[in-house]
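The numbers here are math on the coordinates, done by the rules we state, and not lab data. Worth saying up front: this structure is predicted, and the values here are computed from it rather than measured. Here the Cβ positions follow ideal geometry from the backbone for every residue, glycine too, while neighbour counts run over all protein chains shown.
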Amino acid sequence: MNTGPETRNSTAATSAPTSANSAVATPATAIVNIASLVTNDPSLSDGSPLGLIQNAAVVIEGDRIVWVGESSKAPTTDNRVDAGGRAVIPGFVDSHSHLVFAGDRTAEFNARMSGRPYEAGGIRTTVAATRAASDEALSANVARYLREALAQGTTTFETKSGYGLTVEDEARALRIAAEHTDEVTYLGAHIVPPDHADDPAAYVELVTGPMLDACAPYARWVDVFCEKGAFDGDQARAILTAGRAKGLHPRIHANQLSYGPGVQLAVELDAASADHCTHLTDADVDALASGNTVATLLPGAEFSTRAEWPDARRLLDAGVTVALSTDCNPGSSFTSSVPFCVALAVRDMGMTPDEALWSATAGGAAALRRTDVGRLTPGTRADLTLLNAPSHVHLAYRPGVPLVSEVWRRGVRVVRGAAATPETAGHSPFPHGSR
């Protein structure tokens, strides 16, 4: 697998813990008796991409990792936690979701799975419900799904707008999203809303003009659904270029339903990720392999729509950096479970268990252009997940089983016990300013 740009910290794995603040020493915590530790740093083990260390320990000081290595060599610390022979992996980095929404599309899913026609409006149904919802209801929904994700090991989460599609509603969605996470994406270009159906060019002008002006202060990213029936290549280029001029970095929904220009446009514009990547030509794969754009695969969408699976094996063999994400949304992938997506990727997309885990952690970090998460090496953020299993392979080996035992985020244990409610219940587990 392509492990992306070099991100290793210069601190050696055998160094002693050092204070994050030289004036006020922070008590360090050692998690010891780890059966298998995934660091995602090849230099810390046998050179494999996962950087596996057996019989390991990790030392946390403040919100950072300060030491990793063999448990028997762990330095003395103020606090000691026994992992009990469990596996420890980096917290999952979920780099693609749509969480600011209201309403329910159960009937649509039921009809699709039952082979019955259904014409209730799809995305437009969610748009109507979202516009009608209060700020409080939308924020509570976001917090609910983030707690759900946290309990399943996700410690970094991106989410988008796209269910407002007016200046006011898109800005509102992003303001609410920004209260819960720093990884916020402006997706005014999700679909052309019904009130602009006869003049899509006018909607593109709105998305690149007044809507962008209102939304840019709340977002880090700009996205567009480049697909037949949504936005074509020229429209997508205009939207992403306008967003970039406002300081937002591009990402793109590309080649999900058909072959199209999205992937190559993403590479041309140095988008952080091209998401879906189901229908790819050889030229698309070559472009991804030669650029810095991550191919983010979203198996929950194929599972929920019975669509063709993306060919992860083809991408990995070409040297493309691949991420796995949930695409959590109310219509086509209503799951917040990265472990579920890992199992799907191994079973149906040609990935090995090692590749799927890397893609759900370090790959997701690469899709967000982050070097501080997705790895457990000295200097990175202390975001880690303990599994009720001796190896990360159990994520695919035991699909559907709640294997997450504990979750630590920024050096704090925020989930305790298999299938437990996060200790942040009642509050957003991904507060603003959490990077």
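Where the only charges are on Cβ atoms (+1 Lys, Arg; -1 Asp, Glu), what is the dipole of region 31-149 about its Cα centre, to the nearest 20 debye?
Values: 11 positive and 14 negative charges, 86 e Å.
In total the dipole reaches around 420 debye.
So in the chain, what percent of DSSP beta bridges are antiparallel if you round to the nearest 5? Mind showing how you got there, number by number?
Details: 27 of 57 bridges.
Of the beta bridges lying entirely in the chain, close to 45 percent run antiparallel.
List the lysines whose Cα lies under 22 Å from the Cα of Lys228, skipping any in the same chain that are fewer than 8 positions away.
Reachable lysines: Lys160.
Spin-label point model (7 Å from Cα, Cβ direction): what's the Arg306 to Thr241 distance in nm?
Placing both labels 7 Å along Cα→Cβ, they lie 4.2 nm apart.
Report the gain in length on full extension from Arg144 to Glu268: 0.36 nm times residue separation, minus Cα-Cα distance, nm rounded to one decimal.
Numbers: separation 124, 0.36 × 124 = 44.64 nm, distance 3.69 nm.
Using 0.36 nm per residue and subtracting the Cα-Cα distance, I get 41.0 nm.
From Cα pairs below 8 angstrom and at least 6 apart in sequence, can you work out the relative contact order of the chain, rounded to a whole percent? Mind showing how you got there, number by number?
Values: 1091 pairs, mean separation 87.2, N = 435.
So the answer I get is 20 percent.
Which FRET efficiency value, to the nearest 0.05, do you get for Ala111 and Ser48 by plugging their Cβ-Cβ distance into 1/(1 + (r/R0)^6) with R0 = 35 Å? Please list the in-between numbers first.
Values: r = 45 Å, r/R0 = 1.29.
E between Ala111 and Ser48, to the nearest 0.05, is 0.20.
Which FRET efficiency, nearest 0.05, do Ser72 and Tyr259 yield, Cβ-Cβ r, R0 51 Å?
Numbers: r = 54 Å, r/R0 = 1.07.
That gives a FRET efficiency of 0.40.
Can you give the calculated 222 nm mean residue ellipticity of the chain, where each DSSP H run of n ≥ 4 adds -39,500 (n - 2.57) and the sum is split over every residue, rounded to the nearest 500 deg cm²/dmol? Let's see the in-between values first.
Values: 15 runs with 134 residues, N = 435.
Calculated from helices alone, the mean residue ellipticity at 222 nm is -8500 deg cm²/dmol.
For Ala201 and Arg124 in one chain, what is 0.36 nm times their gap in residues minus the Cα-Cα distance, to one decimal in nm?
On the way: separation 77, 0.36 × 77 = 27.72 nm, distance 1.89 nm.
Computed gain between Ala201 and Arg124 is 25.8 nm.
Diagonalise the Cα gyration tensor of the chain and give the resulting equivalent ellipsoid semi-axes, square root of 5 times each eigenvalue, largest first, whole Å.
Working: eigenvalues 259, 100, 87 Å².
Three semi-axes, in Å: 36, 22, 21.
Enter the Cα centre distance for the pair region 63-104 and region 131-152, rounded to the nearest angstrom.
23 Å
Could you go through region 338-343 in sequence order and give the Karplus-derived ³J(HN,Hα) for each residue, using 6.51 cos²θ - 1.76 cosθ + 1.60 with θ = phi - 60°, rounded to whole Hz, and x for Gly and Pro?
Those phi angles translate into 5, x, 4, 5, 4, 4 Hz.
Would you please give the residues with an amide H less than 5 Å from that of Trp67, counting only those at least 5 places away or on a separate chain, with H modeled from the backbone geometry?
When sequence neighbours closer than 5 places are left aside, the close amide H contacts are Val59.
Pop the C-beta distance of Arg413 and Asn55 into the FRET formula with R0 = 30 Å and round what comes out to the nearest 0.05. Could the numbers behind the result be given before it?
On the way: r = 22 Å, r/R0 = 0.73.
Once rounded, the FRET efficiency stands at 0.85.
Which aspartates and glutamates have a Cα less than 20 Å from the Cα of Lys246, not counting those fewer than 8 places away in the same chain?
Glu158, Glu168, Asp169, Glu170, Asp182, Glu183, Glu205, Asp213, Asp223, Asp234, Glu268, Asp270
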